[in-house]
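The values are calculated or read from the model by the stated rules, or taken from the named source; none is laboratory data. If you're wondering where the values come from, they're calculated on a predicted model, not measured in any experiment. Cβ sites come from the backbone with ideal geometry, for glycine too, and all protein chains shown count toward neighbours. These accessible areas exclude ligands, DNA and RNA; they are computed on the full protein's heavy atoms, side chains included. Shrake-Rupley method; radii C 1.70, N 1.55, O 1.52, S 1.80 Å.
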Amino acid sequence: MLTHLSIRDVVLIEKLDLDFSSGLCVFTGETGAGKSILLDSLALATGARSDSSLVRTGAKQLSVTAEFILPEDHPVYTLLEEQGIDFEKNEPFFLRRVVSVDGKSRAFVNDQSVSASFLRRLGEFLIEIHGQFATHGLLNPATHREVLDSYGGLQKLKDETLQAYKAWQAKISEKQKVQENLKRSREEEDFLRHSVDELRRFNPKAGEEEELSERRALMMNAEKIAEGLNNARQALFDDNLDRSLRQAQRQLENLVRYSEGRFEPVIESLGRIMSELNEDAALLETYCNELDFDPNAQENVEERLFSLRALARKHQVSADELPDLLIDFERRLSSLDKGGEDLARLSGEEEKLRLDYLDFAQKLSSSRQNIAQKLDDGVARELPALKLNKAVFKTQIERLPESLWNADGLDKVAFMASTNSGQPLSALAKVASGGELARFMLALKVNLAAAEKTQTLIFDEVDAAIGGATASAVGERLDRLSKQVCQVLTITHSPQVACFGDHHFKVRKSEVEAGKVLTMVSQLNGKERREEIARMLSGAKITEASRAAADELLKNKGKTV
């Protein structure tokens with residue numbers, strides 16, 4: 001609920017701080033005193049479009065801060081968490097709006113900068129304003145289905161419908177994918193068969209391009225390589241080199257008996273060198289023998305390599321991807337044979353899931369019909385006492401065409417009304433205006449409040465153009481509504497409404513200095529409240545009779561009307 005409102009430099013308000021509690025808060029005052037400024041300020045703090053004309057004359061900017069505290073399960077906490085805003089559940093959090101004279105606007109939540117659109121999203125969960133000229137929420141038909149479902153407690157059935165719809169749509173997607181693949185495969189069948197035949201005959205291998213490239217490079221340089229290998233082999237087979245190594249080894253062996261083994265490592269090393277030289281020479285001879293000098297062989301390697309690369313370019317893949325491409329083409333050809341079978345199976349599965357969804361959705365529709373009748377009856381009971389005795393309210397539920405069935409079921413829901421006998425039912429906003437519209441909303445809210453999350457409702461002059469028993473009926477319902485939703489704020493000119501308030505605020509203009517008029521707000525208690533209600537009853541001159549009448553109204557408030 002709203003716990004505090006701080007306003008700085010808005011129109012005629014220079015500085016104002018108001019504390020709020022739960023229950024019914026009423027605002028009274030003369031016409032033009034500035035009651036609408038309070039609503040404009042609160043709307044700004046909760047994301048309404050900024051307007052530099054609201055900045056008080058002589059000030060550089062306006063500032064409005066609204067403080068709220070909410071229960072732990074309120075959806076606003078999810079929005080704050082998604083936005084990365086620090087908060088503590090069950091602790092106050094603040095919405096602040098600053099608008100400068102040049103039209104620039106800034107928005108903050110807990111002193112963290114946010115966009116005005118995000119502030120507006122929060123505001124939709126925090127307050128709801130109903131009045132002669134500004135109403136929200138229920139006038140938007142897009143909200144009606146959700147409102148009706150919440151009112152009827154249909155969440156479990158909605159969840160079941162949602163899951164059935166998701167399963168049905170997933171199967172539709174699977175079938176469509178098979179259909180698309182089958183269609184594409186059939187359109188490409190000749191190409192696929194030719195490509196499979198070509199790839200099978202060519203029989204490409206992964207890594208073959210690299211292997212062929214290496215062989216071609218060797219063949220192209222075979223003569224130079226052979227010459228180098230032969231020269232190296234002949235150098236290793238040099239008789240002088242072999243004779244020198246052996247002579248050195250024999251000389252050292254002759255000295256072994258004089259050296260006590262000191263020359264053994266050198267003798268062994270010379271032996272290893274001769275052995276490795278022989279091995280290297282043999283290896284070079286092998287390399288020479290492996291060299292392919294056949295021009296035909298080189299031509300065959302080049303032809304294979306170039307054909308491999310051409311085939312890869314043709315299919316726009318790398319040469320190493322050709323074997324996998326062959327597997328994919330073979331699979332797609334195979335799908336042509338069994339594609340019809342898969343499609344028939346998926347069609348059967350889809351129809352079964354469609355019927356499952358339809359079963360849940362029809363149960364949901366049936367429940368909505370029952371709940372709609374309950375809501376219609378509940379609103380109808382409220383209308384006569386609110387001077388809407390000729391009005392009719394109807395929850396209209398229409399079956400959507402199958403192409404528009406969705407996760408929320410089969411229905412289009414709209415709240416319809418007429419205010420005069422014989423008048424056809426139309427959308428709420430089209431059949432009611434001014435105070436009628438606000439009272440219609442009051443009748444609806446009295447029935448819907450327990451199912452909605454908004455904890456602060458605001459009614460702007462819901463008592464317009466009514467009085468007496470009707471005004472008392474409005475006051476009683478506002479009082480009852482405040483006990484259901486936690487907090488109701490109302491601007492009123494009716495003493496019959498004002499007497500029901502748990503908290504009473506008076507709005508007035510005051511000339512603080514020559515030529516400077518400001519709007520002031522004060523909370524009334526005891527005698528002050530009695531005097532204000534007496535003023536509302538009698539006008540400018542308060543009489544003892546009006547005071548007595550005020551006492552009577554305050555004494556009898558709360559009686560069911």
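Of note:
- Aspartates and glutamates whose Cα lies under 19 Å from that of residue 394, excluding same-chain neighbours fewer than 8 positions away: 146, 149, 376, 377, 382, 411, 436
- C-alpha long axis of helix 544-556 to longest principal axis of the chain, angle in °: 50 degrees
- Over segment 439-561, relative contact order from alpha-carbon pairs under 8 Å, at least 6 apart, %: 23 percent
- Cross-link partners of residue 166 among lysines (Cα-Cα below 18 Å; sequence separation of 8 or more within a chain): 156, 158, 175, 177, 352, 363
- Stretch in the chain that is longest and holds no trypsin sites (Lys or Arg not before Pro) that DSSP places in a loop and that have at most 10 other beta carbons within 10 Å: 61-540
- About the Cα centre, charge dipole magnitude for the chain (Lys/Arg +1, Asp/Glu -1 at Cβ), debye: 4540 debye
- Seen from residue 321, the other residues with C-beta closer than 13 Å to its C-beta sum to a net charge of -1, counting Lys and Arg as +1 and Asp and Glu as -1.
- Among beta bridges identified by DSSP and lying wholly in the chain, the antiparallel ones come to about 70 percent.
- Heavy atoms of the protein chains alone define the surface here; on that basis the chain has 53 Å² accessible area per residue at 1.4 Å probe size.
- Accessible surface of the chain, 1.4 Å probe: 48 percent of it comes from carbon and sulfur atoms.
- Once exposed loop GluC sites (Glu not before Pro) are cut out (DSSP; at most 14 other Cβ, 10 Å), longest piece of the chain: 261-561
- Over the chain, Cα pairs under 8 Å with separation of 6+ residues give a relative contact order of 21 percent.
- Prolate/oblate/rounded call for segment 1-117, Cα gyration tensor, a/c under 1.5 rounded: oblate
- The long axis of helix 434-448 is offset from the longest Cα principal axis of the chain by roughly 60 degrees.
- Anisotropy class of segment 477-561 from Cα gyration tensor, a/c 1.5 cut: oblate
- Electrostatic tally near residue 379: other residues with Cβ closer than 13 Å to its Cβ, Lys and Arg +1, Asp and Glu -1, net +3.
- Relative to the dominant Cα principal axis of the chain, helix 264-290 is inclined by about 80°.
- Close amide-amide hydrogen proximity is noted between residue 489 and 25, 457, 458, 459, each under 5 Å apart and 5 or more residues distant or on a separate chain (H modeled in the peptide plane; Pro and chain starts excluded).
- Residue 423/residue 400 FRET efficiency (R0 22 Å; Cβ-Cβ; nearest 0.05): 0.25
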